[in-house]
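Asker: The structure follows.
The values are calculated or read from the model by the stated rules, or taken from the named source; none is laboratory data. Worth saying up front: this structure is predicted, and the values here are computed from it rather than measured. Cβ coordinates were reconstructed from backbone atoms using ideal geometry, including for glycine residues, and neighbour counts include every protein chain displayed. With ligands, DNA and RNA removed, areas are computed over all heavy atoms of the protein, side chains included. Shrake-Rupley method; radii C 1.70, N 1.55, O 1.52, S 1.80 Å.
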Amino acid sequence: MKGKKQIRLTSAEIAQLWAQYLSDSASQCILLYFLEKVEDEEIKPIIEYAAQLSSRHIQEIAKILTEEKHTLPQGFKVEDDVNLTAPRLYSDTYVLQFIHQMSKIGLTSYAASLSSTVRKDITDYYKSCLVDTMTLFEMSKVHY
C-alpha cells in the first residue's frame, strides 16, 4: 500500500473518535479527582492506570483528528471543570466499582467502534483500546 493515498476518515469513525474524546476527557476529570482523594494504596495504581489510559486516548485521538485536519471537540478540562480540593465524596470501594463498571462500558463501546472502522490505523487503535481496557477490567475485578 506504499505510495497510495490513505482514505479519509468515514463519518462513523469521526463520530466514534469524537464521542471517545469527550468520554475520555470527562473520565480523566473524574479519575484525577479520585486520585486526589484515594486512601487505599491497593486501589491507587488502578486509578492511576485508568487515568493514564484516558490521557493517552485523548492524545492519540487529537493526533488522528489533527492529521486529518478535523476540529478537536471541546472536551472537559480538570482546571475548568473540577475542584480537586473539594471534600472527599466517595469511598475507595465505590471508586473501584465505578472503574470496573467504566471498563465494562469501555469494552462494549470499543467493540462497537472497532466494528464500524474502515481504515487500518483506526482499526489498530481500537484493538489497542480493547486490550488496555481488558487489562483495566481485570485489575479492577481482582479487588472485588
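Asker: Working only within segment 78-96, note down all residues that are exposed (fewer than 15 other Cβ atoms within 10 Å of the Cβ) and either touching a residue at least 60 places away in the same chain (Cβ under 8 Å) or not hydroxyl-bearing (Ser, Thr, Tyr) (or both).
Answerer: Within segment 78-96, GLU79, ASP80, ASP81, ASN83, LEU84, ALA86, PRO87, ARG88, LEU89 meet the criteria.
Asker: Output the number of residues of segment 57-112 satisfying the condition of being within 26 Å of GLN6 (Cβ to Cβ), out of contact with any helix residue (DSSP H, G or I) (no Cβ under 8 Å at 6 or more places or on another chain) and charged (D, E, K, R).
Answerer: 4
Asker: Another question, if that's okay. So, in segment 116-126, exactly how many residues are in contact with a helix residue (DSSP H, G or I) (Cβ under 9 Å, 6 or more places away or on another chain), in a helix (DSSP H, G or I) and surrounded by fewer than 14 Cβ atoms within 10 Å (Cβ to Cβ)? It would help to see each step written out before you state the result.
Answerer: Here is the first cut: in segment 116-126, the residues in contact with a helix residue (DSSP H, G or I) (Cβ under 9 Å, 6 or more places away or on another chain) are 116-119, 121-123, 125-126.
Applying the additional criterion that residues be in a helix (DSSP H, G or I) yields 121-123, 125-126.
Imposing the further condition that a residue be surrounded by fewer than 14 Cβ atoms within 10 Å (Cβ to Cβ) reduces the set to 121.
Qualifying residue count, segment 116-126: 1.
Asker: Here are GLU48, GLU39: which of them is outside any helix (DSSP H, G or I), of a type in the set (D, E, K, R) and without any contact (Cβ under 8 Å) to a residue 60 or more places away in the chain? Step through it out loud before you land on a result.
Answerer: Working: GLU48 fails: outside any helix (DSSP H, G or I).
Selected residue: GLU39, the only one of GLU48, GLU39 that is outside any helix (DSSP H, G or I), of a type in the set (D, E, K, R) and without any contact (Cβ under 8 Å) to a residue 60 or more places away in the chain.
Asker: On the given criteria, is GLN28 free of Cβ contacts under 8 Å to residues at least 60 places away in the same chain, within 13 Å of the chain's Cα centre (by Cα) and loosely packed, with under 15 Cβ neighbours inside 10 Å?
Answerer: Working: free of Cβ contacts under 8 Å to residues at least 60 places away in the same chain: yes; within 13 Å of the chain's Cα centre (by Cα): yes; loosely packed, with under 15 Cβ neighbours inside 10 Å: no.
No: the conditions fail for GLN28.
Asker: Name the one entry in VAL118, VAL142, VAL82 that is β-branched (Val, Ile, Thr) and closer than 28 Å to SER11 by Cα.
Answerer: Values: VAL142 fails: closer than 28 Å to SER11 by Cα; VAL82 fails: closer than 28 Å to SER11 by Cα.
Unique residue meeting the criteria: VAL118.
Asker: Can you say whether LEU35 is within 21 Å of LEU130 (Cβ to Cβ) and among the aliphatic types (A, V, I, L, M), as far as the supplied structure shows? Spell out how you get there, then give the answer.
Answerer: Working: within 21 Å of LEU130 (Cβ to Cβ): no; among the aliphatic types (A, V, I, L, M): yes.
No, not satisfied.
Asker: Okay, next question. Do the conditions hold for ILE99, that is, is it open to solvent by less than 80 Å² (accessible area, probe 1.4 Å) and part of a helix (DSSP H, G or I)?
Answerer: Values: open to solvent by less than 80 Å² (accessible area, probe 1.4 Å): yes; part of a helix (DSSP H, G or I): yes.
Here the answer is yes, as ILE99 does meet what is asked.
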